[in-house]
Amino acid sequence: MSDVVLALGPDGAERVLLRGADLRVADGETVLIGGLDREARRGLTSLLTGRLRPTYGTVRTPARVRAGVLGDLPRPGETLVLDAGDRPATTAAGTPLPHGPDGAVLVLGGPGWTTSPIPGAHRALALQGGHFQAEPPRQAPQLAVHMTLEDVRQRTRRSLAEAGTDTATAALVADVLADADRRGHGSHGVALLPTYLRRIADGGIVVGAEPRLTPVTPTLASVDAGGGFGQPAADLAARWCADAAAQHGLAAVAVHTNNHVGMLAAYRRPFQEHGVVGLLLNISAPAVAAPGARRATLGSNAVCLVTPTQADEPFCVDLATGVVAAGKIRSARHRGEPVPQGWLLDRAGTPTSDPAELDQGGSIPLFGDYKGLCITLIAEILAGGLGGGLVSPDVARQVTRTGEVMRCAQLFVGFSVRHFTDPAVRADAPEAPADLAGLVDRLRDAVAAGHDETPQRPYFPDQLEEIKAQQAEREGLELPASIVAALGWDAS
């Protein structure tokens with residue numbers, strides 16, 4: 001805009017907002033204009049979107065300009081004008097302003113935006129005397145807080161204990177969450193703790209509930225989680241399954257009336273220790289849209305295969321059946337980052353990069369189209385229908401229905417390597433190895449052989465976790481500052 005005069009209000013009682021104001025915003029730039037009351041924000045929004053003509057002067061805007069509120073993310077080639085309210089929300093502390101790579105973003109904020117430090121690359125202005133004046137930069141808050149692995153475990157245990165969790169359960173839950181952070185999957189780590197604590201307070205997690213295992217045969221059992229923490233029930237099932245399979249060759253355990261268990265790979269140790277291949281399945285609340293659907297109807301169900309090796313760690317394949325795990329989208333929201341295109345649909349079934357849409361009726365596309373649907377139906381039928389007596393549409397979302405037990409279900413199946421490779425069973429292959437590490441190595445070599453040169457790691461499913469775990473052991477963890485603040489932890 002150039003030399004713009006803008007008057008708001010009825011004739012004879014006008015409020016002159018702009019008095020010969022100039023403003024130029026480049027493509028790809030984010031500009032924060034603070035100190036604006038509600039009327040001023042509405043007036044500038046109408047001016048910049050073409051709904052209001054200036055009293056005097058020139059306003060030139062791109063062809064695609066859209067008004068919205070803070071939290072909306074720019075689409076390719078458009079300019080956004082966002083109303084940010086009177087002050088930054090507490091939940092947005094430490095969150096950078098949105099950025100459009102090929103379009104401008106103008107954020108119109110109230111008085112609170114002139115005193116709050118805001119991270120991220122942006123230009124800050126204030127409206128003074130009818131003109132836009134540059135604001136001096138303010139030191140931005142931390143986006144991440146560094147902690148050692150042991151510090152994260154201890155703090156998590158204390159937070160759970162303060163919420164009424166017994167010592168053993170608090171230790172197990174803390175270990176599962178910290179293990180996910182250690183292996184590079186912050187979406188399933190301590191970022192879940194604020195939700196867990198809220199669910200305890202609202203009744204969705206029954207503190208004090210103990211899982212009950214009922215053997216059906218020597219190789220088949222059922223676990224009633226009782227609506228408690230998901231981790232103790234999953235841990236009990238994994239240990240019984242691995243032990244029974246090691247004795248008898250094959251075993252299965254179904255878990256029902258459970259809550260969130262974290263990453264399925266967290267339960268890998270019993271299978272590694274007993275030399276048992278573990279197939280772990282989980283159903284969760286509706287989060288993914290079937291091919292052609294516009295809303296979530298099925299869970300982003302997880303499938304995990306644990307293969308024992310001679311090394312310290314087993315080989316693990318652990319994946320969600322959506323194109324991405326729902327937790328990774330929530331993790332992006334905690335960091336104030338958009339998600340890649342193709343990860344998420346909004347409530348109308350339109351592709352979006354705004355992670356906030358997931359818990360506002362959005363959905364995640366299935367990977368592999370109809371093949372992905374087939375994979376998720378395997379988990380639905382085995383872990384849900386067969387093991388838990390329900391399917392994912394019956395499971396409560398843990399973020400939006402915090403007062404209800406999720407009632408998600410898991411199935412653990414174990415295959416003893418010793419039994420399946422016994423010469424009496426495999427008479428045609430008496431030289432079969434006592435473990436599958438050699439076969440995994442052959443697969444790893446086959447993937448590498450497809451490249452002209454030795455590929456940079458990670459190029460095989462377990463390598464990223466190995467790299468991240470070594471880094472975390474050596475350097476500690478970086479937790480989102482918003483999560484640390486939500487937990488009330490000292491960031492020093």
Relative to the longest principal axis of the chain, what angle (0 to 90°, nearest 10) does the C-alpha long axis of helix 193-202 take?
-> 90 degrees
For segment 4-134, what is the percent of antiparallel DSSP beta bridges, rounded to the nearest 5?
-> 35 percent
Under the Kirkwood approximation for Rh and a Cα-based Rg, what ratio Rg/Rh is obtained for segment 4-134?
-> 0.95
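Would you list 274, 419, 146 from fewest to most Cβ contacts within 10 Å?
146, 419, 274
What list do you get for 459, 370, 267 if you sort them by fewest beta carbons within 10 Å? Before the final figure, lay out the partial values.
Numbers: 459 14, 370 10, 267 26.
In order of increasing Cβ crowding within 10 Å: 370, 459, 267.
Taking 8 Å as the Cα distance limit and 6 or more residues as the minimum spacing, I'd like the relative contact order of the chain as a percentage. The partial results should precede the final answer.
Values: 1144 pairs, mean separation 71.4, N = 492.
15 percent.
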Arranged from highest to lowest average of other beta-carbon atoms within 10 Å per residue, in what order do the peptides 36-43, 229-236, 245-252 appear?
-> 229-236, 245-252, 36-43
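Tell me the net charge near residue 2. Cut-off is 15 Å between Cβ atoms, residue 2 excluded, with +1 for each Lys or Arg and -1 for each Asp or Glu.
Numbers: positive: 19, 24, 53, 60; negative: 3, 22.
Within the 15 Å Cβ shell, the charges total +2.
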Whole-number D in µm² s⁻¹ for the chain, Kirkwood Cα-pair radius fed into Stokes-Einstein, 20 °C, 1.002 mPa s = 85 µm²/s
Among residues other than residue 247 whose Cβ falls under 14 Å from its Cβ, what is the net charge (Lys/Arg +1, Asp/Glu -1)?
-> -1
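Rounded, prolate or oblate, given the Cα gyration tensor of segment 159-282, with a/c below 1.5 counting as rounded?
Details: a/c = 2.42, a/b = 1.50, b/c = 1.62.
Here segment 159-282 falls in the oblate category.
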Cα axis of helix 38-48 to longest principal axis of the chain: angle in degrees, 0 to 90, nearest 10?
-> 90 degrees
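If N is the number of residues in segment 352-492, what value comes out of its Cα radius of gyration divided by 2.2 N^0.38 Å? List each step's numbers first, then the result.
Numbers: Rg = 22.0 Å, N = 141, 2.2 N^0.38 = 14.4 Å.
Relative to the rule-of-thumb radius for its length, segment 352-492 sits at 1.53.
Evaluate the charge dipole of segment 4-134 about its Cα centre and quote only its size in Debye, nearest 20, assuming +1 on the Cβ of each Lys and Arg and -1 on the Cβ of each Asp and Glu.
The calculation lands at about 140 debye.
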Ranked list, fewest to most other Cβ atoms within 10 Å of each Cβ, for 72, 422 | 422, 72
In deg cm²/dmol and to the nearest 500, what is the mean residue ellipticity at 222 nm of the chain if only DSSP H runs of at least 4 residues count, each as -39500 (n - 2.57), divided by the residue total?
-> -8000 deg cm²/dmol
Antiparallel DSSP beta bridges within the chain, percent to nearest 5 | 65 percent
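Once you have the Cα-Cα distance between residue 317 and residue 52, take 0.36 nm times their residue separation minus that, and quote the gain in nm to one decimal.
Numbers: separation 265, 0.36 × 265 = 95.40 nm, distance 5.66 nm.
Between residue 317 and residue 52, full extension yields an extra 89.7 nm.
Any read-out appearing in this document is the output of simple, stated calculations on the displayed coordinates, not a laboratory observation. Quick caveat, the model's predicted, so the values are computed rather than measured. So basically every Cβ, Gly included, is an ideal-geometry build from the backbone, and we count neighbours across all protein chains shown.
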